[in-house]
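Here's the structure we're looking at; comments come further down.
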Amino acid sequence: MSEAPKRPAKVIKLNVINEPKDSYTGGPSSLCPGCGHDQISNVIVASAWENGIEPHRIAKMSGIGCSSKTPAYYLGQSHGFNTVHGRMPSVTTGAYAVNKDLLYLGVSGDGDSASIGIGQLIHAIRRNVDMVYILENNGVYGLTKGQYSATADIGSRKKKGTPNETQPIDLCALAINLGCSFVARSFSGSKKQLKSLIKAAISHKGFALIDVISPCVTFNNNDESLKSYGYVKDNNVTLHVADYIPNRAPMEEIEVPEGHYRDITLHDGSVIRLETISEEHDPTNAVDALSALHAADAESKHVTGLLYFDGSKPSLIEDLGLVENALIDVPDNELRPSREILDKLNAAFLS
Amino acid sequence: MATIANDFTINIATANGTGSQSANLILLQSLFEMGIPVSGKNMFPSNISGLPTWYIVRLSDLGYQAPGDRTHIQVLVNPATWDEDLEALETGSVVIWNSDAKKEMNREDVISYPVPMSSLARKINPKIAKLVTNIVYVGILAEMLGIDQVALESALSKQFKGKEKAIELNLTALGLGRDYFKDNLSKEDPYIVEEREQDTAKFFIDGNEATALGCHFGGVQMLAWYPITPSSGIAEAIIEYIPQIRTNDEGEVTCAVIQAEDELAAAGMVIGAGWAGGRGITATSGPGISLMQEFIGLAYFAEVPSVFWDVNRVGPSTGLPTRTQQSDITMLYEGSHGDTQHIVLIPGTVEECFEFGWRAMDYSERFQTPVFGLSDLDLGMNRWACEGFTYPEENMDRGKVVRDRDVFEAFEEFGRYLDVDGDGIPYRTLPGSGMDPILYRGTGHNTKGVYSEKPHDYVALMSRLKRKINGARELLPAPLMREETECEVGIIYIGSMENTIQEIDDILEATGLKVSQCRIRALPASKQVAEFIRRHETTIVLEINRDGQLWGILRKELPNDLVTKVHSVAYSDGQPPRARVYSDLIMAKLEEVEQ
């Protein structure tokens, strides 16, 4: 009797560490259908998978707000901390100080980062905490039903609202001025560019800010809003299309973009390749980066791509002068000074 | 004339930023080296330079450490407070005054020693005359009281640690002061110092430095702090000791230090470190704790180990930032919005500052909750006699952390917030371990850590948290009692009141009362406190604040029949507690209770 022909096994694609993509997904999203944030979550899953990061080595950090709820929707095998409004950077800083060996993947929103959390964002940049900081920026407070945030553009009008008259804070410009070592802007609808930027940010050693315009489909997606899906799609000036080539063998063939490109080497030896639309833009030049932002701003456009990059800055962990092992791996008897040391101190006080 | 030895108070009035603090510490240390029980209180302003400062030195063979009821010897250097200081003196007090200060000496009922301090100082070095002026009055006091020259020189070299030039200059100034008294004045006052044999060797140290050392011997892994008086000394001492006791041969350290942008960030960093499995602490004062409240609630609800030292100063608001108080008790014990309850350790001595320094981290990891150390300005910033620090006998308690997969797999069911042992304390795994990955949150959650608004999940969580913290009552440092056989009046008190309580007790007992003492050293309070109250006819809760915060906490938790037995004596004027003030208030309260 001949064997029945086997049904071909379902092919599960694995990444460089033999993990299926499912190892990187999370719970179902409770955000509004079509929310830009969900697109970003999907890109986070894809980036982590393609970069071959062990899921348990990732720490998902967030504050409070729609964006900060998303860590429940990706990387279900990673520990995470949904902290308090705008104060995710400090919690991450503390965790990083005692365990430098995790990949800290922070997600925040404009309500979180441009208002109560702006001080913490600034100081995390200043210290160059080694983390990815994805800012899901929609110009409104979603969970409290649609108030303007501090990144809402002047003249922007949300549904059922009077136009915003207060000038917005451009967090990319702020970060460049602070000397942030990696500053990028992207759009939740530009999956390819966003994925390249997130993958590059993961490889970057130091603080990487990615300001992702992520339209709020419920409160800020009418045509008068300058952060609506329709508006951004039509007025999105692409500064660079970034593509990312990991130093491990690529899982899939990477489409090399047409036209001019430039390679930038990251800390882990991987290379980010930028396709330069605006040929004169040099991402290592802060003045050019700010000019590009201001020029786009003058025309009410969003410039996207890797705006600024400086790979030479020491990160916080180097400044702390710590032992080689992560502090949480130092045994207790090396943390507590010996009895002899206390005896000596007591004796010195008495002398 | 009969002499009075080792039983008087010296008050030195100078201006901030003139170097008087060094001179005063030399005086204090020299008396200490003679074996005389002595205490020093620095009453300094919130100012860098120019505002009035008083230093109060109390000598007492009975070991009393409070500032005393009155000044016996007044040193007047600061013209700004001259009239006020002079007017406050009782007849017969001694006044050593700077006759170059262009101020009048208008009291004839005091013993007056005019000294041209400024011109004497100018003789040595006109450029630093102001600085030297201070050491001149130490020389005057030394001669007048009979302070031993060897003790003075030893104190001097301790203060200036090997700075030969400074030692030489100050020695000359001391000599000038001594000589001036010998040559130009004759002793008309009764006050003298006498050497005493000490039973045990002791040294002087302030509470903040002792706390800092305690933190190091608890293996603190991260200090995040924001400068604020009177707590900065803790952080500064932690930093100061790192090279000596927390650094390996390669110069690498095992304690990270981050000066935060504010107290909110400092709290966030501490909680981040605790979440990651490390030992993080911060040191602050009341205003900082106010700012940290939101984070404290997160740490309580998400059950993240975190240690906060509060060196209490006078509130509310900016208050009197350089004065002492015990007024943050409620804010710590019930900190943050919603129903909360926190462990608070309250040292009363420098030895306890050290001990609670390391224990705080053990409790925090054991109970997976914020733990507060409550010190105050008086204990933290003034120097106290110390018999030496005791090495922790127990190993570090890292709490219920599952580190091995075998152990993890052995759990029948694992949930971050599942009460496996019935003590309300769940097990946790650490980020990076790959075991039971969960998203910690400040929102409602079930035993698995998953978001939940279900009534039974919320009630179960809140009652478990209550049970968990209540379970700490008898494991925390127990109250210390000194009890009379006749259980007449009991006094419950906390913290630095330890330094005044015996004098209060003696004053009360001189009236025929029998007084027992009970010092609470931790909250939630042990059941022993209720038993103490039950045994005594009347119990006074004595504290340095306006509203009787500790009294309020105890009343809330005592059995009904004991509530009427406890009475509050709470008073604060910013000064370190003087025994007479509080004993008078206690007497008044007891009379009120009698009626």
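Just so it is clear, none of the values below were taken in a lab; they were calculated from the coordinates. Model, not experiment: these values are computed from the prediction. In this analysis, Cβ positions are derived from the backbone assuming ideal geometry, glycine residues included, and neighbour counts consider all displayed protein chains.
Quick rundown of the values:
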{"read-out": "Peptides ranked, highest mean first, by Cβ atoms within 10 Å: ranges B:136-143, A:329-336", "value": "B:136-143, A:329-336"}
{"read-out": "Cα coordinate range in the stretch B:205-386, projected on the principal axes (Å, largest first)", "value": "47, 37, 28"}
{"read-out": "Sites residue A:30 and residue A:233 - FRET efficiency at Förster radius 30 Å, r taken between beta-carbons, to 0.05", "value": "0.75"}
{"read-out": "Added length on full extension, which subtracts the Cα-Cα distance from 0.36 nm per residue, residue B:179 to residue B:407", "value": "74.4 nm"}
{"read-out": "0 to 90° range, to nearest 10: angle between helix B:498-509 axis and chain B longest Cα axis", "value": "70 degrees"}
{"read-out": "Amide H contacts under 5 Å for residue A:302, placed H, 5+ residues apart", "value": "A:237"}
{"read-out": "Amide H contacts under 5 Å for residue B:441, placed H, 5+ residues apart", "value": "A:82"}
{"read-out": "Rounded FRET efficiency, nearest 0.05, which uses the C-beta distance separating residue B:421 from residue B:172 and R0 of 56 Å", "value": "0.25"}
{"read-out": "Per-residue HN-Hα couplings for the stretch B:173-185 [Karplus 6.51, -1.76, 1.60; θ = phi - 60°; Hz; x = Gly/Pro]", "value": "5, 4, x, 4, x, 4, 5, 4, 4, 4, 7, 10, 10"}
{"read-out": "Potential lengthening between residue B:483 and residue B:390 on full extension [0.36 nm per residue; Cα-Cα distance subtracted]", "value": "30.9 nm"}
{"read-out": "Overall dimensions of the stretch B:4-192 by Cα: Rg and Dmax, Å", "value": "15.2, 44"}
{"read-out": "Descending principal axes extents, the stretch B:160-228, alpha-carbon based, whole Å", "value": "59, 35, 25"}
{"read-out": "FRET efficiency for residue A:144 and residue B:83, using Cβ-Cβ distance with R0 set to 56 Å, rounded to 0.05", "value": "0.40"}
{"read-out": "Ordering of A:176-188, A:312-324 by burial proxy (mean other Cβ atoms within 10 Å per residue, highest first)", "value": "A:176-188, A:312-324"}
{"read-out": "Cα gyration tensor category, rounded, prolate or oblate, for chain B with a/c compared to 1.5", "value": "prolate"}
{"read-out": "Average other protein chain Cβ within 10 Å of Cβ, residues B:240-247", "value": "3"}
{"read-out": "Acute angle (nearest 10 degrees) that the helix B:455-470 long axis makes with the longest principal axis of chain B, alpha-carbon atoms", "value": "40 degrees"}
{"read-out": "Convex hull of Cα atoms in the protein assembly as shown, direction-averaged projection (nm²)", "value": "50.2 nm²"}
{"read-out": "Debye-sum result for the stretch B:187-310 in log10 I(q)/I(0), which assumes one identical scatterer on each alpha carbon, at q = 0.09, 0.17 Å⁻¹", "value": "-0.34, -0.83"}
{"read-out": "Fewest-first sequence of A:110, B:419, A:234, B:83 by Cβ atoms within 10 Å of each Cβ", "value": "A:234, B:83, B:419, A:110"}
{"read-out": "Percent of alpha-carbon pairs separated by more than 21 Å within the stretch B:530-595", "value": "24 percent"}
{"read-out": "Zero-based 10 Å bins, Cα pair distances in the stretch B:111-173, whole percents", "value": "22, 50, 26, 2"}
{"read-out": "Separation between Cα centres of the stretch A:141-202 and the stretch B:505-541, rounded to whole Å", "value": "61 Å"}
{"read-out": "Shape call, the stretch B:480-594: gyration tensor on alpha carbons, a/c limit 1.5", "value": "rounded"}
{"read-out": "Gain upon complete extension [residue B:4, residue B:581; 0.36 nm per residue less C-alpha separation]", "value": "205.3 nm"}
{"read-out": "For chain B, calculated [θ]222 nm from helices alone, where every DSSP H run of n ≥ 4 adds -39500 (n - 2.57)", "value": "-12000 deg cm²/dmol"}
{"read-out": "The stretch B:354-423: C-alpha gyration tensor shape, a/c 1.5 cut-off, then a/b vs b/c", "value": "prolate"}
{"read-out": "Hypothetical label at residue A:21: residues of the stretch A:177-220 whose amide nitrogen lies under 16 Å (7 Å Cα-Cβ projection)", "value": "A:191-196, A:199"}
